[in-house]
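To keep things clear, I will list the structure first and then write my remarks on it.
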Amino acid sequence: MKLSTILATGITLSCLSVNALALTIGFAQVGSESGWRTSFSESVKAEAKKRGIDLKFSDAQQKQENQIKAVRSFIAQGVDAIIIAPVVETGWKPVLREAKRARIPVVIVDRNIQVGDDSLFVTRIASDFSEEGRKAAQWLMDTTQGNCKIVELQGTVGATAAIDRAQGFNDVIGKYPNANIVRSQTGEFTRTKGKEVMESILKAENGGKGVCALWAHNDEMALGGIQAIKEAGLKPGSDILVVSVDGVPDYFKAMADGDANATVELSPHLGGPAFDVIEKYLGGDKNIPKLISTTGDLFTQDTAAAEYQKRRLQ
Amino acid sequence: MQESVLALENISKTFPGVKALQGVQLTLRAGEVHALLGENGAGKSTLVKVMTGAMRKDEGTGRMCFDGKDRDFTSPSEAQKAGISTVYQEVNLLPNLSVAQNLFLGHEPKRFALIQHSRMQQQARELLKQFKLDIDVTAPLNQFSVAVQQLIAIARGVAMKAKVLVLDEPTASLDKDEVETLFGVMEQLKSEGVAIVFISHFLDQVYRISDRITVLRNGQFIGEYITAELPRPKLIEAMLGKELQAMHGQHQPGCADSVDAPALFKMDKVCVKNSIENMDILVPKGQAIGMAGLLGSGRTEVCRAIFGVDSVASGQMQLADAPLKPQSPAEAIKAGVALCPEDRKTDGIIGPLSIRENIALALQARLGWWRYLSKAKQQALADKYIEELQIATPDAEKPIGQLSGGNQQKVILARWLATQPQLLVLDEPTRGIDIGAHAEILNLIKRLCHDGMSLLVTSSELEELVAFANKVVVLRDRRKVSELSGEDMTPQHIMQAIAEA
Amino acid sequence: MSQQPQSLSIVNKVDSPADEALIAARKARYSPGKSTNALGRYLWPVSALVLLLLVNLFMDASFFSISYQDGRLYGSLIDILNRSAPVALLAIGMSVVIATGGIDLSVGAVMAIAGAVCAGMLVGGNYSLFTVICAGLTVGIVAGLVNGGLVSFLGIQPIVATLLLMVAGRGVAQLINQGQIVTFQSDAFAFIGIGAFLGLPFPVWLVLITLLLSQLLLRRTALGLFIEAVGCNASASRYLGINDKGVKLFVYGLTGFCAAIAGMIATADIQGADGNNTGLWLELDAILAVVIGGAALSGGRFSLVLSVVGALIIQTLSTTIILSGLPAKFNLLIKASVVLIVLLLQSDVFRQHAQSVLKGLKGGKA
């Protein structure tokens, strides 16, 4: 288990407050459409158990109307606070007003909402995509001393994650005159497309000679790219460095095998920070920023084998 | 007599290769029901389409005078605006919209550009009351039977308050009472001065409701008659193009008439649901049997039953001493039956495929997919029949769709001959074929018979039937009414049998 | 009887349609007419492909260079062949479905199901490679037959019937994988996607073999003719005694089979089954390939070879876009424009129109 310092302090804080309050918190989750979503739910449940919080968990099965129903029932039950991981951005105003009238604080996690009135919720806790890009870029620049011809596999054109990760990455390498992106194409976040695109790029870049690193917007594309590099007769991880974002088990295995170099974890552990904020708010501290960014840590080959074992078992 | 509302003079319409209308005229008078009659392909629907703007007449021919002015409608909506309302044979309303919406689609009662639904529904109810229809006008159309839909379609035509109302086969799906209701409405409209065109195959209804009759045949105007003054045999004569006195069908069958030829095919008291009743037909081996009757008399239905298209409800069929119970054309073909269907275009030719493929297909289907006729064999087969049936084409690779009607028919005949059938059923083999090809097809039938083929042939051309058939079966109202052979088998006798009321 | 018909004896002679002398005599007559016809159909798709390849040569001189390393040919052209394999396989099946006037939207999902089944078996049990491949193919054929049954026996419109499986199929694939991307370690199975035989990538061989076998099955038996007959005029085909329902069942089954092979290639390629993304939207590429190959969606004539050419055009286009280095956001726009041009070139109406416009311009200048 990996916890940042913020999280650690959160636990200490909560230990103090739990005894006094024994909170009841409602959590309206999107559903269980992906592995990441499942770990997110599990992490929140585990965190609540650890803190002695009575968690009312609702699975909306990807439907907003189910979520709204769940929130209304939380209000009717008079919970102390509500956490929403919204399915969609719009349509939240009426139910959030009801919560406000009942004086129940609401925390939004993961995806954004649009209500136009910031006072309807306490804060939003979300991954900071551009920070992920910056972390990946910084690691690459540190490793290569700023000398690097980079190939980029973008996510789906127009996706926020793709735009922001590219932005953050470019911000950092912009400071290094000898580092630049020589090829950039979309791999649509999938392994198949990542492999296909990487194959062509390697051909266009003289068989990959001179390319120093592959930067992929997610692990799946990176895994496809790694296969393409291997089939081109090069060694991923040394001939061409590979850095990406997500932290899926397969990628940890690739790192353990020496085929990949680094990944920034997209943290599913949003429960801790959410509970922290709620406890702080209920404790009387109303001075809370409207957006709290969380960014997972960067993992490298050093810990990959151990992390892979841990994650495979999950 | 009343003045004419709509007068069409010397109208011609040519399609590539076919003259659908040649110098046809039609005069409609206010307050009259005018029946437009003719066999299929006579040009009735084409004339209606020209009249209602769905088709343009050939440029530079004829004129159309509506309401005292020369007009040439370019679209149905233009004709509709002018006051010509048409109810087509197939209901072409919108099944998902409500009855009221269908009735008033395009001219809904409006106030300030908004449709007044309650007023529309009220008007719809009143309109349908005339048709003795008390139904929920807000229900979607497809909830009602075809008959009710037909009545609604007619009501829509009436609701347009037109000067001319065209009803194309309006009674085909109506029962007796509904027909009477419709006639009541027609009488009412007549008294209001509307000119009505009534197209129907039911001669009883024509005599019951119409004031005048115009007969078309093969795209030509045959005559305009006052109904009360036209005896029924004369009408049929006009429709089928035979003058009773002058008709002496030359009886020249390809094979000798023989009383004691063994039976090859027997139909015994066969009934088909909603179709033929108690049908008895016998085809002796090596003879050609003709089937006569007006459209809808059951002749096509007999062919379909033999070929396994419609399933037989009761009664038996026998082919070459074995019971014949085909559940599909494939089974009938296996048993040795072949059918050239009446509607060559939709059921016969496979337009984009070549003559070679069209000829080879039936034999190939009988052999099954595994025993493939090589292209060379197909080619040999095609060439053989192109030569023997004198199919006019540069080569066998030409798509059949590009051939003339007569040559298409020959290809279809060739296709069945290739399967060596025991019984060859030809449903209207000469329909829509020009005169020259007509004679060729007839000679072919004779030759086939001469070579020992057994045939059952339907035709509207009585002279033809008499010429090649050894015996003629006459059908009326989906029953057999007469069987003529020898001296009795003359066009006159056939016609009398058809016309007997 | 003055008009006694001459005894040409049409009926009796029919016994010997395969008269050898007759065949020999006709053979010469029928070959030339056919070839001019075929040339016209091949002209536009093939020239479009050649043109696209030349554009690449212009952008990158080394485009046509092929080297031999690690027992396989290596180069952009080989990549195009290799990458087009799944769509080419789908297009082979789609050609015959479209020839009957139908369409199969579910092939992408069937790819995912077949991939998921194979991956699941490779990870979850100790099955032989043969069993795994057979299971994958069987699943594809069954899925196809379900589609075919819905279309032919229940009379559901093909677009609706196959839409069901298109939507549900990905759910099934995810169910098999429990929503995860299942990765496996099997060099033998991976060979299907990344192996090479006689220098050529194995997927290319699979396309060639499937193309050859389908061509034999459809053109050396009467199936191809029946399919075209049913597609041109289903009613007339029934009157001919062709089992049109059986024909439809068969074409969907064949498509399912092709989709299963494509699914195994895609799965073996990344050594993992991704229920969400395997074959995603490839049904549309397959339909496009068939259309680029000159077939009409209304049914009728089909050419498997031209459909494969269509698939090659689509893949060449994708590769061209990647090599061009243009920003990714232009991908779809470029693809759509080129496809539009190819389709316009195939349209007789457009060509005639363009010719008359050009003539008018020349006349104006003169």
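Remarks
- Candidate set from the range C:185-214 (those that are within 22 Å of the chain's Cα centre (by Cα) and under 24 Å from A:D257 (Cα atoms)); member that is least open to solvent (accessible area, probe 1.4 Å): C:G193
- Boolean, C:G120 is at pLDDT 95 or above, part of a helix (DSSP H, G or I) and of a type in the set (G, A, S): no
- Taking residues in the range A:286-300 that are farther than 28 Å from A:D142 by Cβ and open to solvent by less than 40 Å² (accessible area, probe 1.4 Å), and partners anywhere that are outside any strand (DSSP E or B) and among the basic types (K, R), the pairs with Cβ atoms closer than 8 Å and at least 6 places apart or on different chains are A:I288/A:K280.
- Flag if B:I199 is more than 21 Å from B:G38 (Cα to Cα), open to solvent by less than 10 Å² (accessible area, probe 1.4 Å) and assigned by TED's automatic domain parsing to the domain that holds B:T46: no
- C:A262, sole failed condition from (1) within 14 Å of chain B (Cβ to nearest Cβ); (2) in a helix (DSSP H, G or I); (3) among the hydrophobic types (A, V, I, L, M, F, W, C): (1)
- Every condition in (1) assigned to a helix (DSSP H, G or I); (2) under 15 Å from the mean Cα position of the chain (by Cα); (3) within 14 Å of another protein chain (Cβ to nearest Cβ); (4) of a type outside the set (G, A, S) is met by C:I334 except one, and the failing one is (2).
- Meeting the requirement of 1 or more residues that are within 30 Å of B:P140 (Cβ to Cβ) and open to solvent by less than 10 Å² (accessible area, probe 1.4 Å), the strands (runs of 3 or more DSSP E) wholly within the range B:1-110 are B:84-87.
- Within the range A:111-137, considering residues that are acidic (D, E), under 14 Å from the mean Cα position of the chain (by Cα) and surrounded by fewer than 21 Cβ atoms within 10 Å (Cβ to Cβ), the one farthest from A:N147 (Cα to Cα): A:D128
- Some residue of the range B:353-369 being closer than 24 Å to C:G246 by Cα, more than 7 Å from chain C (Cβ to nearest Cβ) and among the hydroxyl-bearing types (S, T, Y): yes
This table checks each residue for (1) part of a strand (DSSP E or B); (2) under 22 Å from the mean Cα position of the chain (by Cα).
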{"residue": "B:A437", "(1), (2)": "no, yes"}
{"residue": "B:V457", "(1), (2)": "yes, yes"}
{"residue": "B:E463", "(1), (2)": "no, yes"}
{"residue": "B:A467", "(1), (2)": "no, no"}
{"residue": "B:V473", "(1), (2)": "yes, yes"}
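- Of all residues in the range B:258-285, those being surrounded by 15 or more Cβ atoms within 10 Å (Cβ to Cβ), in a strand (DSSP E or B) and charged (D, E, K, R) number 1.
- Any hit, the range A:149-163, residues being more than 13 Å from chain C (Cβ to nearest Cβ) and assigned to a loop (DSSP other than H, G, I, E, B): no
- Breaking point among (1) out of contact with any His (no Cβ under 8 Å at 6 or more places or on another chain); (2) part of a helix (DSSP H, G or I); (3) open to solvent by less than 20 Å² (accessible area, probe 1.4 Å), for B:T346: (3)
- Taken over the range B:370-398, the criterion of being among the charged types (D, E, K, R), at the interface with chain C (Cβ under 8 Å from one of its Cβ atoms) and either surrounded by 24 or more Cβ atoms within 10 Å (Cβ to Cβ) or assigned to a helix (DSSP H, G or I) (or both) is satisfied by B:K375, B:K377, B:D383, B:K384, B:E388.
- Residue within the range A:167-188 that is open to solvent by 10 Å² or more (accessible area, probe 1.4 Å), within 13 Å of chain C (Cβ to nearest Cβ) and under 12 Å from A:G224 (Cβ atoms) present: yes
- Close contacts from the range C:147-170, counting a first residue that is part of a helix (DSSP H, G or I) and a second that is basic (K, R), with Cβ to Cβ under 8 Å and a gap of 6+ residues or different chains, come to C:G148/C:K248; C:V151/C:K248; C:S152/C:K245; C:S152/C:K248.
Yes or no, residue by residue, for (1) surrounded by fewer than 16 Cβ atoms within 10 Å (Cβ to Cβ); (2) free of Cβ contacts under 8 Å to residues at least 40 places away in the same chain; (3) in contact with a His (Cβ under 8 Å, 6 or more places away or on another chain):
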site: B:V148; (1), (2), (3): no, yes, no
site: B:A155; (1), (2), (3): no, no, no
site: B:M160; (1), (2), (3): no, no, yes
site: B:D175; (1), (2), (3): yes, yes, no
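- Single unsatisfied condition, B:K446 versus (1) under 21 Å from B:K266 (Cβ atoms); (2) within 11 Å of another protein chain (Cβ to nearest Cβ): (1)
- Contact map, the range A:223-245: first residue within 12 Å of chain C (Cβ to nearest Cβ), second residue assigned to a loop (DSSP other than H, G, I, E, B) and crowded, with 24+ Cβ neighbours inside 10 Å, Cβ cut-off under 7 Å, separation 6 or more or different chains; pairs are A:G224/A:G187; A:I226/A:A260.
- Matching helices (runs of 4 or more DSSP H) fully within the range B:124-232 where at least 1 residues are over 29 Å from B:E3 (Cα atoms): B:146-159, B:176-191
- Residue within the range C:279-293 that is open to solvent by 10 Å² or more (accessible area, probe 1.4 Å), outside any loop (DSSP other than H, G, I, E, B) and of a type outside the set (A, V, I, L, M) present: yes
- Residues of the range A:93-117 that are among the β-branched types (V, I, T) and touching a residue at least 60 places away in the same chain (Cβ under 8 Å): A:V107, A:V109.
- Yes/no for B:L381 being at pLDDT 90 or above and touching a Phe, Trp or Tyr at 6+ places or on another chain (Cβ under 8 Å): no
- Subset of the range A:68-91 (residues that are within 25 Å of C:Q180 (Cβ to Cβ) and in contact with a Phe, Trp or Tyr (Cβ under 9 Å, 6 or more places away or on another chain)): A:A85, A:P86
- So A:D246, is it open to solvent by 10 Å² or more (accessible area, probe 1.4 Å) and either closer than 23 Å to A:F189 by Cα or not assigned by TED's automatic domain parsing to the domain that holds A:S41 (or both): yes
- When C:S298, C:S235 are checked against the criterion of being in a loop (DSSP other than H, G, I, E, B), within 14 Å of chain B (Cβ to nearest Cβ) and open to solvent by 10 Å² or more (accessible area, probe 1.4 Å), a single residue qualifies: C:S298.
The values are calculated or read from the model by the stated rules, or taken from the named source; none is laboratory data. This is a predicted model, so every value here is computed, not measured. So basically every Cβ, Gly included, is an ideal-geometry build from the backbone, and we count neighbours across all protein chains shown. Quick note on the areas: whole protein, heavy atoms, side chains included, nothing else; ligands and nucleic acids left out. Shrake-Rupley method; radii C 1.70, N 1.55, O 1.52, S 1.80 Å.
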